[in-house]
Amino acid sequence: MNGKKLLKEKLGLLLTLLVVVAVGAAVSFGIKRKNAEEDGTDAAASTSTADTASGTTGEETYENQDSSMEKDKMETVYIKSDAEGNTKEITVETMLKHPTDGSDIQDQSNLKDIRNTRGDEEYSQGSDGSLIWKNHGADISYKGTSDAEPPVKVKVSYYLDGEQISPAELAGKSGQVRIRFDYENTATETVTVKKKAYEVQTPFLVMSALVLPSDIFSNIEVENGKLMQMDEQNMVIGYAMPGLADSLQLSGYEVTEEIDIPEYVEVTADAKEFELEFTATIITPGLLEDLDTENLKDADDFADGMDDLKDGVNDLDEGVGELYDGLKEFYDYLDEYTSGVTALRDATRQVWEGVGKLNENNKSLTDGAAALQSGLEQLNTALGAAGGMTGSPAEGGSGEAATGADTTAGQAAFAKTVGALAAAAAADPTTPEGEAQQKALETLGLTAEDAQALAAYAKTLSEAGASAGELQKTLQTSVASLAAGSKQLTEGLTAYTTGVSQLYAGTEKVVEGGTTLCTAGGELYDAFGEALDGVSELRDGVRDFKDDGIDELMKLGGSDFRNVMNRLRAVKEADDSYDNFAGLAEGKTGSVRFIVETEEIKK
């Protein structure tokens, strides 16, 4: 059995026991009042006898009798009605408890035709309905009539073979008879409980009795009552508590919605020549007289505890929801982070692979730079050597580098020779000098034209030699610069290749670290995914507990439960306040019961 069902059964049993205890208390209370009335009657009778013996003059003193009455005033309201329950006459018999100090008896009543039924005490009546009775040392019994409406109306309906029929028509008929008693509670009161007003009906226990002779009635069944057999008679006693279920609103509370508080009594029987002597219905308040509302504090504590539990579960639901939202947000961020780390690792791997290729070419680069530098240095040396040569050994030169002075002297001699050849070629042969120069040319095997051509060639060669010298100087300077730059290049390439090697090694470590980070990030992502699933299940579990557990429990211990408990308090207060029918003097206590008797039905 689950907790909810167990709680419902226990609460339902509690409320049922309250009703049963209240009914038992009311019945017991009615019996005690009946005994008290009989005791009071005996006391009044003996008092009347004593009064007769001792006299009733103004100076007469009376022996004070003990009173067995529990209340200051007790009323029994007799209602004579027709067979259908319509009121024909109301008579009220009243008993007043006498003060033991001999003072007059204070009373309040709206009855008519008041008369003392047990003694000779007289009364005076004020315009406000107050009565002042003389005190002869005994309780007062008086009777009067009333035209006020009783708090509960009784309606009796008759059916023959399923069809409603009037009492007069039913008399002497045979068939299946159904007699139904309906009760209308008109005593409505507004009671404030815990600053809230509740409109409730004063609770009354109603018991209807009828005698069904065995020679007329058989196959008797009773709804909301009991059947008892005595000799040749069948005694039916039905009971109801009209208006109580509505006052408590039991149908609006899950635990008590199936509790059936009877509102009517129904008797079914097979009748042979129907007749009925009478029916008697007793109506009494005090249904919840023995209910101590202090005992309902446990119910309040239960309801408060349910409120605290609901608040706690709501806080838990909210907290778990916030935890889930936070983890979900971090989980999404972690997804982006791990994706970014993976992309960074992949990009770093590409860089590492590219640097690896560069690292593989490091030796080729440094070897090439070194070879270039060596070549340039050799070229620079060669150019320097070429610029200082006086001639090759094949040409009769020394083959060794000449000094600058030797080069200049040779060039001057060469220029002087070429100039002499040019002058001889241009000399006038008619002059002695010219003729001598011509003969010199002839000796050399040259004509004047040859000498002129040779002079022109020599001039061109001289000019070219001058240009080649300048070019050599420029080239030598450039090669020297290239050699210096090549050296710097070699040094730079050496540093570069060293850096590439270091970068390769470092990038490799970055790739390894990125791989480790990706692996750890993936594991962290998976772990957070599992944690998120766990929190999601926790959130769903809390919400299911809230919806299927707490909300259901709140139906048992929440506002509906409080409503029933507060209405029970209101009904209890209304019950306590209904203590008279015809009136009650201020400060006095009272009790009342009603007896409704229907007239006979005979052919």
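The values are calculated or read from the model by the stated rules, or taken from the named source; none is laboratory data. Everything numeric here is computed off the predicted structure, so don't read it as measured data. Cβ: placed from backbone, ideal geometry, glycine included. Neighbour counts: every protein chain shown. Quick note on the areas: whole protein, heavy atoms, side chains included, nothing else; ligands and nucleic acids left out. Shrake-Rupley method; radii C 1.70, N 1.55, O 1.52, S 1.80 Å.
Observations on the structure shown:
- Out-of-range pairs (alpha-carbon distance over 21 Å; input 194/588; 88/226; 80/143): 194/588; 88/226
- If R0 is 56 Å, the Cβ-Cβ spacing of residue 254 and residue 117 corresponds to a FRET efficiency of close to 0.60.
- Of interest is the spacing of the C-alpha centroids, which for the range 86-126 and the range 169-190 amounts to 33 Å.
- Alpha-carbon geometry of the range 179-304: the Rg and the Dmax are 18.8, 62 Å, given in that order.
- Karplus-derived HN-Hα couplings along the range 147-155 (A = 6.51, B = -1.76, C = 1.60, θ = phi - 60°), whole Hz, x at Gly and Pro: 10, 6, 6, x, x, 10, 9, 10, 10
- Accessible area ranking (1.4 Å probe, heavy atoms, ligands and nucleic acids excluded), largest first, for 174, 81: 174, 81.
- Cross-link pairs 155/572; 97/572; 71/134; 153/603 - those with Cα-Cα distance over 22 Å: 155/572; 97/572; 153/603
- Net dipole in debye of the range 138-266 [+1 Lys, Arg Cβ; -1 Asp, Glu Cβ; about Cα centre; nearest 20]: 440
- In Å², nearest 10: area of residue 272 left accessible to a 1.4 Å probe: 130
- Taking the convex hull of Cα positions in the range 138-186, its mean projected area over all directions (nm²): 6.4
- For residue 217, the accessible surface of its heavy atoms amounts to roughly 10 Å² (probe 1.4 Å, protein chains only, rounded to the nearest 10).
- Stokes-Einstein translational diffusion, the range 85-137 - Kirkwood Rh over all Cα pairs, 0.692 mPa s, 37 °C, in µm²/s: 262
- Between the residues 162, 152, 181, the greatest Cα displacement towards the positive end of the dipole of the range 150-236, with unit charges on the Cβ of Lys, Arg, Asp and Glu, is found for 152.
- Rounded to the nearest 10 Å², the accessible area of residue 62 at probe 1.4 Å: 50
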